[in-house]
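Read through the structure below, which is laid out as structure tokens, and then see the notes.
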Amino acid sequence: MRGQTSMITIAIAIVMIVFIMIFLLTSSLVPQQSQTLKSEYRNLYAHNMLLSMLRMETRCGSISDVLKGAYFGGGKCDSMPFLEARLPGYINSVLYATGNTEYEWFFEATPKDFQGSVLGFGNPAVKDSMEKWDARTMITWEDYQLDVKIYIRTK
């Protein structure tokens, strides 16, 4: 009777060791992220970054107010020099704060249905890249719309 109990105990121990080994093996193999999941994350990141940038408060008001001032006038500051001098620093600070120092970007504002020039800041090569992701939104003022986009890619 003692021999049978010992054999059952050894068999249970071997089965438990096999299950533990299978668990450790399957948990150590990290599945590769699918390309779709990575693309969705980057798309969400670009949209959140664009909205955060437009809502960011500066000494001249929010970035969206500064853009409106550049196109339609009436801003707190002289909008164009402010955008040229400060916008790249603001975008880079957002990228560094989120830990994404390997991203390149291009910020663009295009008038829709009215006369005006296209404003662009950053690296224009990002816009033409095949491996970019982008976000866009509209800023409205009276009957006018301003199409604002940001393009991001990895370096």
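The values are calculated or read from the model by the stated rules, or taken from the named source; none is laboratory data. This structure is a prediction, so every number in the text was calculated from the model and none was measured. Because the Cβ atoms are built from the backbone with ideal geometry, glycine has one as well, and the counts that use them run over all protein chains shown.
Just to check your reading of the model, which residue among Ala46, Ala13 is modelled with pLDDT of 85 or more and buried (at least 17 other Cβ atoms within 10 Å of the Cβ)?
Numbers: Ala13 fails: buried (at least 17 other Cβ atoms within 10 Å of the Cβ).
Selected residue: Ala46, the only one of Ala46, Ala13 that is modelled with pLDDT of 85 or more and buried (at least 17 other Cβ atoms within 10 Å of the Cβ).
Scanning region 31-61 for residues that are among the acidic types (Asp, Glu) and under 17 Å from the mean Cα position of the chain (by Cα) yields a total of 1. In the set (1) over 30 Å from Pro111 (Cα atoms); (2) in contact with a Phe, Trp or Tyr (Cβ under 6 Å, 6 or more places away or on another chain), the condition left unmet by Leu25 is number (2). Taking the conditions (1) without any contact (Cβ under 8 Å) to a residue 24 or more places away in the chain; (2) among the aromatic types (Phe, Trp, Tyr); (3) surrounded by 14 or more Cβ atoms within 10 Å (Cβ to Cβ) in turn, Trp133 satisfies each one other than (1). Just wondering, is there one or more residues in region 25-41 that are surrounded by 10 or more Cβ atoms within 10 Å (Cβ to Cβ) and in contact (Cβ under 8 Å) with a residue 60 or more places away in the chain? Checked region 25-41: at least one residue is surrounded by 10 or more Cβ atoms within 10 Å (Cβ to Cβ) and in contact (Cβ under 8 Å) with a residue 60 or more places away in the chain. Restricting attention to region 136-155, report how many residues are surrounded by fewer than 12 Cβ atoms within 10 Å (Cβ to Cβ) and either modelled with pLDDT of 90 or more or farther than 21 Å from Phe82 by Cα (or both). Residues in region 136-155 being surrounded by fewer than 12 Cβ atoms within 10 Å (Cβ to Cβ) and either modelled with pLDDT of 90 or more or farther than 21 Å from Phe82 by Cα (or both): 4 in total.
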